[in-house]
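Visitor: Here it is, the structure, as structure tokens.
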Ligand code: NAP
Ligand code: G4F
């Protein structure tokens, strides 16, 4: 399969088949005990079909260092992240890199401006072209990267856009999941009658609390029925059920995290948390006097994105593929958010907020609140950052960004 050479995209062309060796732990040279050596990737075609194999990374001491031999090998795993230029993709890439993973990200477009910013932040991440609308590109990416784990975070994720471009949302956020699963299935040589064995590619799907929509009960659990309220929510429900279906049909290790709203200083400026924290910074610095918003009584269970990517990784690392609800268990209204954000800047939101019908949705999700007890008990996952800390962090980051002459779009870069 030819791989595109592109100066913008760092392709790790050094992984030739000839260098692939056994996954079995082997003696490696290390420097002083615990000294960081360079890493060399070694791979093993353990599966006969397609591109199924596990990855190992061998720790190698710097040339010439007077090290001693150890039988302790460092085995590293390889992850492919779709949606790496988004909020969660960036946090997950950082997290997995720190965990010793070799991280690859799928990026789309000819001149994607976020690629340069991503590479400034995450120099170690390797990028490969692909688009959730293009099945062939996904097969090529999986075949090229040969990941142990695939995290499908790519989506049209802004709910109001899903009414304006409903068909595109269905294609990307819904059918895109099918295309990623098919790429994994084809590359793994899995047919309907075959259960994959060890070394299979594990798959994570970014499902959403938007699927609960008009909620049947509160708080929402893994058992709560779905009643999506937007084309986005409907597309996510399709991806969710399809992930479950591939698990049941093909025995794939495929899991969905039903994540409630999670935010950060890297959040897109179109979402209400970031719109408010940027608005507070603009008002505080005297650039603007008002923020125009829609429904202030909507309630969400808001957490910190950095906490939520840990949950994704934990789910993929379990013995059994199981779907989990991830949230804080605490719900706040948009008014609560305004209160908190303006308080950080020493202001009163009532002096600066105007409601505008343009931001009212055709159908609203009134209230979301997670019951994350299964994740807490089985994964040992708990959020570390509270709502108050999250809002404080975002307001402070936006004050710093704007007062140093930056813009919202710069927040995917140095200002992180
Ligand atoms: P985000 O910041 O909007 O990122 C979306 C990513 O999808 C971007 O990297 C974007 O790439 C990529 N993408 C869009 N269309 C694509 C296509 N056709 N092919 C390939 N990539 C494409 O979203 P996020 O907040 O990080 O969320 C990550 C995932 O979790 C999404 O699936 C979202 O729906 C889901 N989710 C999010 C939350 C939340 O509160 N954040 C909660 C539940 C579920 P470009 O840079 O090229 O546009
Ligand atoms: O920040 P939002 O746009 O997030 P929403 O719609 O809850 O969706 C986010 O969370 C989902 C998980 O539940 C994700 F799946 C999805 O991808 C996305 O990340 O809006 C939050 C609430 C809504 O009720 C909205 O009506 O804030 C209300 N709101 C009020 N005024 C506003 C505005 N939302 C936005 N974006 N802009 C406003 O001016």
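Visitor: Given labels modelled 7 Å from the Cα in the Cβ direction, how far is it in nm from residue 249 to residue 168?
Guide: For residue 249 paired with residue 168, the spin-label model returns 2.8 nm.
Visitor: Describe numerically, in nm with one decimal, the distance between label points set 7 Å from Cα along Cα→Cβ at residue 356 and at residue 182.
Guide: Computed distance between label sites residue 356 and residue 182 equals 4.0 nm.
Visitor: Highest mean first, what order results for 119-126, 233-240 on Cβ atoms within 10 Å? Intermediate results must be reported in sequence, preceding the final value.
Guide: Numbers: 119-126: 15.8, 233-240: 23.6.
Highest to lowest by the protection proxy: 233-240, 119-126.
Visitor: Could you sort 83-90, 354-361 so that the peptide with the highest average Cβ count within 10 Å comes first and the rest follow in order?
Guide: Numbers: 83-90: 25.1, 354-361: 11.1.
Most protected by this proxy first, the peptides run 83-90, 354-361.
Visitor: Quick check: residue separation of residue 297 and residue 120 times 0.36 nm, minus the Cα distance between them. What number comes out in nm?
Guide: 59.8 nm
Visitor: Also, quick follow-up: Over segment 263-312, what is the relative contact order in whole percent, taking alpha-carbon pairs under 8 Å and six or more residues apart?
Guide: 37 percent
Visitor: A further question on this structure: Quick check for you: which residues of segment 271-295 have the amide N under 17 Å from the point 7 Å beyond the Cα of residue 348 toward its beta carbon?
Guide: 284, 290-291
Visitor: Let me ask something additional. In µm²/s, what is D for segment 69-195 at 37 °C and 0.692 mPa s, where D = kT/(6 pi eta Rh) by Stokes-Einstein and Rh is the Kirkwood radius from Cα pairs?
Guide: Estimated via Stokes-Einstein, D reaches 211 µm²/s.
Visitor: Could you state the per residue volume, in Å³, of the convex hull enclosing the Cα atoms of segment 251-339?
Guide: 112 Å³
Visitor: Kirkwood Rh, segment 125-174, all Cα pairs: how many Å?
Guide: One over the average 1/r among Cα pairs gives 12.3 Å for segment 125-174.
Visitor: To continue, here is another question. Stretched out fully, how many nm does the piece from residue 384 to residue 98 gain, at 0.36 nm a residue minus the Cα gap?
Guide: 101.1 nm
Visitor: Would you please put 307-314, 157-164, 286-293 in order of how densely packed they are, using the mean number of other Cβ atoms within 10 angstrom per residue and starting with the highest?
Guide: Those peptides, ordered most packed to least, come out 307-314, 157-164, 286-293.
Visitor: Provide the gained length on full extension for the span residue 404 to residue 288, in nm with one decimal, where the gain is 0.36 nm per separating residue minus the Cα-Cα distance.
Guide: That pair, residue 404 and residue 288, stretches by 40.1 nm at full extension.
Rule-based calculations on the coordinates, nothing more; no lab input. Computed from a predicted structure; not experimentally measured. For neighbour counting, all protein chains shown are included, and Cβ atoms are generated from backbone atoms with ideal geometry for every residue, glycine included.
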